[in-house]
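Please find one structure pasted underneath; my questions will follow.
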Amino acid sequence: MEPSSSLRQSPLALLVGVVALVALLTWWAGWALPLVIFLIVLMVMGHEFGHFITAKRAGLLVSDFFVGFGPVIWSTTRGETRYGVRALLLGGYVKVPGMTWGVPVDPALEDRTYRAASYPKKVLFASAGSLMHGVMALALAWASLAFIGLPSASHVGVLGFSPWVGHQENAAQLAGLKIGDQIVAVNGHAVTSTSVLANLVHRSAGKTITLLVDRNGHDLTLHATPVSGSTIKETGVTLTSGGYIGIDEGALTVHRSLLSAVPGAFSDVGSTVSAAVHSLVHVFSPGEFSSLFHQVTSAKAATLTKNQNTRPVSILGVTRILVQGTQSGVGVLIALLVEVNIFVGVLNMLPILPVDGGYVAIATYERLRSRRGIRYHADINRLAPLIYAFMSVLAVLFASTLYLDIAHPIPNPFG
């Protein structure tokens, strides 16, 4: 079928407008903001694609697949589905007829509606968006472990050298250590943390120690003689009488193989899901709403320090943190995207409309109430008071966090 398009005659104007907007954002806030907006839109598209592909596979009719809300910026129809972008990039939707029993549908299309689908198909379609967030989070966590690596507390290495006043080289440099070396053992004692290494060196002042070092996958044996802190000086540092070799030790970044990164990704995502569930319970607790009210009404309470960054944030706050994370490195940005994907996925599975979990809950309730092949039809209108109450809570939460993110933004946690 020949595609029809609402902007068929002005694609150049659309392209020029998009390029101009990207250029303006880049000029105003640097390259990080357009990148973050693009990643958020991509995440939204991934969520909606989950609904879209499961609906198609289930044989349901998909009439619309849109990113954003509000006025249509661009749309095109291919086959039986209208694809497009709307002005407010705050979400997206996939439209399948018959999401409730009260909506009239052409009888010829009834067999392909959501309400006519089997229970497994309903649950899969409604959950697919959140499942896609899980898939995206797993892919990001795997890529981070395999290609970027993460600091490992048990892999202690040389991050830098401490200059000693009056010495061209310190004990570590004289021993042949280089930045990036992993110190595996000292005098046969395994080094499993920075504190273990510090203690082994500290008690060996004036004594030669044997260092087992991993350098680019090759084992080396080096010998160093820690110097008493009472006989040397480091600018701006007070040293004790214990032994020093003059290194800045810390956790080294460890890369996993493509295969071993898989269980690591599942472990990271699993712990993030657990943290997201606990965070949601906290966010919707009376105590958190009381705290938000206090912060909205008191500038002193709303002014946070760098270490006080656990309050809920709006989409503006999320965007700001992602931009700050982008400026701190790819690894930080990916870790934040994993968290955002998981949190959005978990939030969408709350068992109340209008989020996706509400449809799962209703489908499950209908399934449990059905008897002997006679399908029970839940009356959504009876849930209206509960839905309005939930929407009111979300509105208060959105307004409060948006105000705080504008008037009292959380300090950069990466600065």
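The values are calculated or read from the model by the stated rules, or taken from the named source; none is laboratory data. All of these numbers come straight from a predicted model, not from anything done at the bench. Heads up, the Cβs are rebuilt from the backbone with ideal geometry, glycines too, and the neighbour counts pull from every protein chain shown.
Here are some conditions: (1) crowded, with 17+ Cβ neighbours inside 10 Å; (2) over 20 Å from Ile362 (Cα atoms); (3) among the hydrophobic types (A, V, I, L, M, F, W, C); (4) at pLDDT 90 or above. Leu42 meets all but one. Which one does it not meet?
(1)
Specify which of the listed residues (Val36, Val62) is within 22 Å of Pro354 (Cα to Cα), β-branched (Val, Ile, Thr) and touching a helix residue (DSSP H, G or I) at 6+ places or on another chain (Cβ under 8 Å).
Only one candidate qualifies: Val62.
Which of the residues belonging to segment 152-163 are in contact with a helix residue (DSSP H, G or I) (Cβ under 9 Å, 6 or more places away or on another chain) and either within 18 Å of Thr208 (Cβ to Cβ) or part of a strand (DSSP E or B) (or both)?
Hits for segment 152-163 are Ala153, Val156, Val158, Phe161.
In segment 354-369, what count of residues is obtained for those that are at pLDDT 90 or above and in a loop (DSSP other than H, G, I, E, B)?
Total satisfying the criteria: 1.
Can you say whether Ala301 is surrounded by 11 or more Cβ atoms within 10 Å (Cβ to Cβ), assigned by TED's automatic domain parsing to the domain that holds Pro413 and either outside any helix (DSSP H, G or I) or modelled with pLDDT of 90 or more (or both), as far as the supplied structure shows?
No; evaluated as a whole, the condition is false for this residue.
When you look at Thr192, is it in contact (Cβ under 8 Å) with a residue 12 or more places away in the chain and either closer than 28 Å to Ser257 by Cα or not acidic (Asp, Glu) (or both), yes or no?
yes
Between a residue in segment 232-247 that is over 21 Å from Gly157 (Cα atoms) and any residue that is of a type in the set (Ser, Thr, Tyr) and part of a loop (DSSP other than H, G, I, E, B), which pairs come within a Cβ distance under 7 Å, given they are 6 or more apart or on different chains?
Hits for this filter: Ser241/Ser230.
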